[in-house]
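Okay, so here's the structure we're looking at.
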Amino acid sequence: MDQPSTIKPANGKLGILMPGMGAVATTVIAGVEAIKAGLGQPIGSLSQMGTIRLGKRTEGRSPLIKDFVPLAGLDDLVFGGWDVFPDDAYEAAAHAGVLEKDTLNAIEERLRTVKPMKAVFDRDYVRRLEGSHIKSGKDKWGMVLEVREDIQRFKEDNGVDRLVMIWCGSTEIFLEPNPVHNDIESLEKAIKENHTSIAPSMIYAYAALQEGVPFLNGAPNLTVDIPAMIQLAKQQGVPIGGKDFKTGQTLMKTILAPGFKARMLGVRGWFSTNILGNRDGEVLDDPYSFKTKEVSKLDVLEYILQPELHKELYGDIYHKVRINYYPPRGDEKEGWDNIDIFGWLGYPMQIKVDFLCRDSILAAPLVLDLVLFTDLAQRCGWGGIQEWLSFYFKSPQAAPDLYPEHDIFIQLMKLKNTLRFMMGEDLITHLGQEYYD
Ligand SMILES: NC(=O)c1ccc[n+]([C@@H]2O[C@H](COP(=O)([O-])OP(=O)(O)OC[C@H]3O[C@@H](n4cnc5c(N)ncnc54)[C@H](O)[C@@H]3O)[C@@H](O)[C@H]2O)c1
């Protein structure tokens with residue numbers, strides 16, 4: 001991607017369209033409204049709270065990221081989306097049970113105005129859900145046209161200038177890449193023929209890209225991680241990104257594993273288990289949806305530890321991930337990790353992590369950052385995969401001949417250097433020799 005000669009200003013309103021208005025989406029919407037009303041801080045959001053060092057350490061320049069790059073402001077965001085349930089954002093947020101009633105009641109009026117459009121939905125792709133608020137069109141191409149109309153109508157009704165779509169819907173069943181995904185022509189043919197390799201999430205994504213709207217994928221579904229969508233995004237000059245928000249246990253994993261590797265400590269086994277009781281947990285209780293999540297969660301260690309380069313340290317690692325649906329927990333997941341490591345002369349040690357986290361509280365700031373940075377990329381004229389946003393994903397999309405970067409510290413450096421590059425500032429290498437000349 002070239003350095004932009006100019007970045008279009010963030011004038012006017014930015015529409016955020018979310019297929020799937022459940023726990024994560026409503027925590028984003030309610031969170032932004034609560035922050036605007038002075039009821040809380042955007043904690044966890046790099047775009048809102050993070051700073052970026054510019055120039056030498058002696059220069060003392062560390063502005064807030066939001067003051068350094070031209071991002072849309074929270075007051076300019078307009079939310080919309082689709083769901084298989086007709087509940088407005090207030091009802092859906094109350095059902096999700098993430099935020100307290102007092103907070104929701106204080107912003108009820110705003111939340112009531114966000115009503116989902118009818119969903120593109122097929123139970124073959126999410127087996128544990130049954131909804132009534134779904135489009136009646138009988139074929140997949142017809143659904144594409146309906147979603148395109150929804151996007152156009154939303155834009156007009158709300159007077160928004162730009163849009164970003166971000167999948168916050170349920171995890172679909174595991175789909176293998178299929179030859180129909182290989183180029184735009186075969187993808188379009190497959191949609192027209194109602195091919196089983198076209199999941200509902202792909203219908204939203206295809207419609208978005210055709211409308212010139214960037215698409216991000218917060219679930220581990222295949223969706224835009226196929227050659228045809230990558231080509232389409234490039235052709236349309238529209239950013240794409242995915243997949244699967246990096247929160248909870250995987251966030252911990254990508255913080256710890258780079259540390260072990262940095263110190264050349266061996267890892268013999270990593271057993272991860274989770275209990276959660278929200279709707280996401282219920283959907284993931286289906287082995288077909290769990291398989292999609294499992295693949296996304298397992299890759300992380302392989303890429304960070306590089307067993308092919310360090311056989312004696314990581315060549316024999318046993319890595320297991322489980323998710324159990326346990327209704328009493330709601331959104332307040334518990335993730336346990338038992339890590340068997342070894343040190344000098346092979347002496348074994350153990351680390352136990354018990355993360356009592358809140359899934360949607362961790363995911364909401366990622367959605368906000370992703371949307372704001374992707375809109376920025378769009379205004380820089382950067383179409384296609386946005387590797388610099390790997391920081392936010394469990395299973396980051398990368399060019400087909402590249403391995404994805406999972407180490408959160410490298411991801412952060414990549415993100416900040418991309419912002420510096422965008423704004424024509426010197427990149428920071430952390431070499432630091434010049435201070436000692
Ligand atoms: N919360 C996290 O920390 C986290 C982390 C990584 C990934 N994710 C993923 O984000 C997604 C959302 O998580 P959540 O906790 O909000 O789940 P949720 O079940 O509360 O919300 C998902 C919503 O999507 C809707 N939906 C399903 N299929 C749809 C379709 N085809 N069109 C429109 N709506 C559809 C469901 O009705 C539901 O309301 C899940 O796929 C989850 O795996 C969440």
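Can you tell me how the stretch 312-437 classifies by the Cα gyration tensor, rounded, prolate or oblate, using a/c under 1.5 as the rounded cut?
Because a/c hits 1.5 or more and a/b fails to exceed b/c, the stretch 312-437 counts as oblate.
Just want the ordering: LEU402, LEU77, LEU276, from fewest to most Cβ atoms lying within 10 Å of their own Cβ. Display every interim value, and only then the final one.
Working: LEU402 10, LEU77 22, LEU276 25.
Final ranking by Cβ density, sparse to dense: LEU402, LEU77, LEU276.
For ALA399 and TYR318, calculate 0.36 nm times their separation in residues minus their Cα-Cα distance, and state this gained length in nm to one decimal. Don't skip to the end; give the middle numbers.
Values: separation 81, 0.36 × 81 = 29.16 nm, distance 2.81 nm.
Difference between extended and current length: 26.3 nm.
With a point put 7 Å past each Cα toward its Cβ, work out how far ILE7 is from GLN152 in nm, to one decimal.
My value for the distance between the label points is 3.2 nm.
Pick from GLY346, GLY242, GLY97: which residue has the top mean-square fluctuation in a GNM of the chain where Cα pairs under 10 Å get a spring?
It is GLY346.
To check you understand DSSP bridge types, tell me what percent of the beta bridges within the stretch 249-356 (both residues inside) are antiparallel, rounded to 5. Each step should come with its number before you reach the end.
On the way: 18 of 26 bridges.
Roughly 70 percent of the DSSP beta bridges within the stretch 249-356 come out antiparallel.
So which helices of the chain fit the span-like rule, where a helix is a whole DSSP H run, its Cα atoms reach 18 Å or more along the axis, and its mean Kyte-Doolittle is at least 0.0? Show your work: numbers first, answer last.
On the way: long enough: 23-36 (19 Å, 1.40); 140-158 (27 Å, -1.12); 248-262 (22 Å, 0.35); 287-305 (28 Å, -0.08); 359-379 (31 Å, 1.06); 408-422 (21 Å, 0.65).
Span-like helices here: 23-36, 248-262, 359-379, 408-422.
Once the piece of chain linking GLU282 and ILE351 is laid out straight, how much longer is it, given 0.36 nm per residue of separation minus the C-alpha distance between them? Working shown, then result.
On the way: separation 69, 0.36 × 69 = 24.84 nm, distance 2.92 nm.
Gain on stretching GLU282 to ILE351: 21.9 nm.
Grab the stretch 1-136 and count how many Lys pairs have their alpha-carbon atoms under 29 Å apart, sequence gap of 8 or more, or different chains.
Qualifying lysine pairs in the stretch 1-136: 18.
What distance in nm separates the two pseudo spin-label positions at THR58 and TRP336, each 7 Å out from Cα along the beta-carbon direction?
5.4
Measuring from label point to label point, each 7 Å out along Cα→Cβ, what is the GLU176 to TYR326 span in nm?
Using points 7 Å along Cα→Cβ, the separation is 3.5 nm.
Quick one: of the DSSP bridges fully inside the chain, what percent are antiparallel, nearest 5?
Details: 21 of 49 bridges.
Around 45 percent antiparallel, to the nearest 5.
Decide, for the stretch 249-356, between rounded, prolate and oblate: order the square roots of the alpha carbon gyration tensor eigenvalues as a ≥ b ≥ c, take rounded if a/c falls under 1.5, and otherwise choose prolate if a/b is larger than b/c, else oblate.
Working: a/c = 2.79, a/b = 1.95, b/c = 1.43.
Cα axes put the stretch 249-356 in the prolate bin.
List ASP426, ASP369 from most exposed to least, where exposure is judged by having the fewest other Cβ atoms within 10 Å. Intermediate values should be presented prior to the final figure.
Working: ASP426 11, ASP369 23.
Ascending Cβ contact count within 10 Å gives the list ASP426, ASP369.
Give me Rg over Rh for the chain, both radii from the alpha carbons and Rh done the Kirkwood way, two decimal places. Don't skip to the end; give the middle numbers.
Details: Rg = 21.6 Å, Rh = 22.5 Å.
The Rg/Rh ratio comes out at 0.96.
Report the extension gain between LEU298 and THR113 in nm, rounded to one decimal, defined as 0.36 nm multiplied by the number of residues separating them, less their alpha carbon distance. Kindly include the intermediate steps, with their values, before the conclusion.
Details: separation 185, 0.36 × 185 = 66.60 nm, distance 3.96 nm.
Fully extending the segment from LEU298 to THR113 adds 62.6 nm.
Only residues of the stretch 119-149 count here: report those whose backbone N is under 19 Å from the spot 7 Å along Cα→Cβ of GLN235, or say none.
Those under the cut-off are 140-149.
I need TYR326, TYR318 ordered by Cβ neighbour count within 10 Å, fewest first.
With the sparsest Cβ surroundings first, the list reads TYR318, TYR326.
I need the shape label for the stretch 26-79. Rule: rounded when a/c is under 1.5, else prolate if a/b > b/c, else oblate, with a, b, c from the alpha carbon gyration tensor. List each step's numbers first, then the result.
Numbers: a/c = 3.40, a/b = 2.39, b/c = 1.42.
Verdict is prolate for the stretch 26-79.
Only the coordinates and a few stated rules stand behind these numbers; no lab work does. Note that the coordinates shown come from a computational prediction; the quantities given were computed from them, not determined experimentally. Heads up, the Cβs are rebuilt from the backbone with ideal geometry, glycines too, and the neighbour counts pull from every protein chain shown.
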